[in-house]
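These notes concern the structure reproduced below.
The values are calculated or read from the model by the stated rules, or taken from the named source; none is laboratory data. The structure presented is a predicted model; accordingly, all values stated were derived computationally and were not measured. Reconstructed Cβ throughout: ideal geometry from the backbone, glycine too, with neighbour counts over all protein chains shown. Just the protein is used for accessible areas: all its heavy atoms, side chains included, with ligands, DNA and RNA removed. Shrake-Rupley method; radii C 1.70, N 1.55, O 1.52, S 1.80 Å.
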Amino acid sequence: VLVLLLVPAFWIDLDHLVIPDLFTVGGMLLGLSFSVLVPGLHGFPELGGPSFRGFAAAFVGALVGSAVYYWLAVGAGLALRREALGEGDIKLAGCLGAFLGWQGAVFALFGGALLGTVLLLPVLAWQRFRPGEGEGRLGAGSEIPFGPFLIAAALAYAFGLQGSVDAWFAEVGGMLSLLP
């Protein structure tokens with residue numbers, strides 16, 4: 001279900017620089033609903049019926065994911081004096097958090113930023129040495145859709161990195177609990 005939501009969102013954001021609420025808000029509501037019916041989605045054993053624990057984990061994931069993105073967008077917007085992260089990306093974080101938990105949503109943010117940097121730096125370097133000015137060149141002020149990078153990182157988390165990322169978050173949390 002998550003993949004069915006994310007694939008069209010990926011292409012729509014890439015083409016139109018917008019992620020429709022159908023995929024973000026609707027996806028978050030689906031994630032919350034599925035988490036009640038299938039608590040195993042968040043690591044809770046299935047008890048033979050709906051579970052509030054699954055819903056609570058999905059709700060915290062949606063809330064933490066969208067809150068982290070929101071405050072990052074506010075901070076970056078103040079620092080750059082322009083919008084740095086769109087509302088669709090913030091709502092997408094709520095969807096990711098509902099399905100993947102707060103760890104998946106937070107990982108998607110940093111993993112997506114890393115992926116975007118790795119993919120876009122060579123393009124910027126190539127443009128720098130390419131003669132002439134042309135339409136479609138990247139540079140300061142260019143709008144680049146972030147949703148596809150978030151989605152790619154979220155899918156990497158869901159289909160392979162979840163165990164190691166969650167273990168890292170647990171280890172960091174353990175270290176932070178030792179601080180005075």
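Quick rundown of the values:
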{"item": "Residue within segment 13-24 that is outside any helix (DSSP H, G or I), open to solvent by less than 20 Å² (accessible area, probe 1.4 Å), at pLDDT 90 or above and closer than 21 Å to GLY147 by Cα present", "result": "yes"}
{"item": "Condition check for PHE107: in a helix (DSSP H, G or I) and over 19 Å from ALA154 (Cβ atoms)", "result": "no"}
{"item": "Filter result for GLY75 (in contact (Cβ under 8 Å) with a residue 40 or more places away in the chain and under 18 Å from the mean Cα position of the chain (by Cα))", "result": "no"}
{"item": "Any hit, segment 61-68, residues being open to solvent by 20 Å² or more (accessible area, probe 1.4 Å), over 22 Å from LEU155 (Cβ atoms), touching a Leu at 6+ places or on another chain (Cβ under 9 Å) and at pLDDT 90 or above", "result": "no"}
{"item": "Unique match (being closer than 28 Å to PHE55 by Cα and crowded, with 24+ Cβ neighbours inside 10 Å) among ALA73, ALA105", "result": "ALA105"}
{"item": "Subset tally (residues that are surrounded by 10 or more Cβ atoms within 10 Å (Cβ to Cβ) and modelled with pLDDT under 75) for segment 129-180", "result": "4"}
{"item": "ALA58 in a helix (DSSP H, G or I), open to solvent by less than 50 Å² (accessible area, probe 1.4 Å) and more than 20 Å from GLY163 (Cβ to Cβ)", "result": "no"}
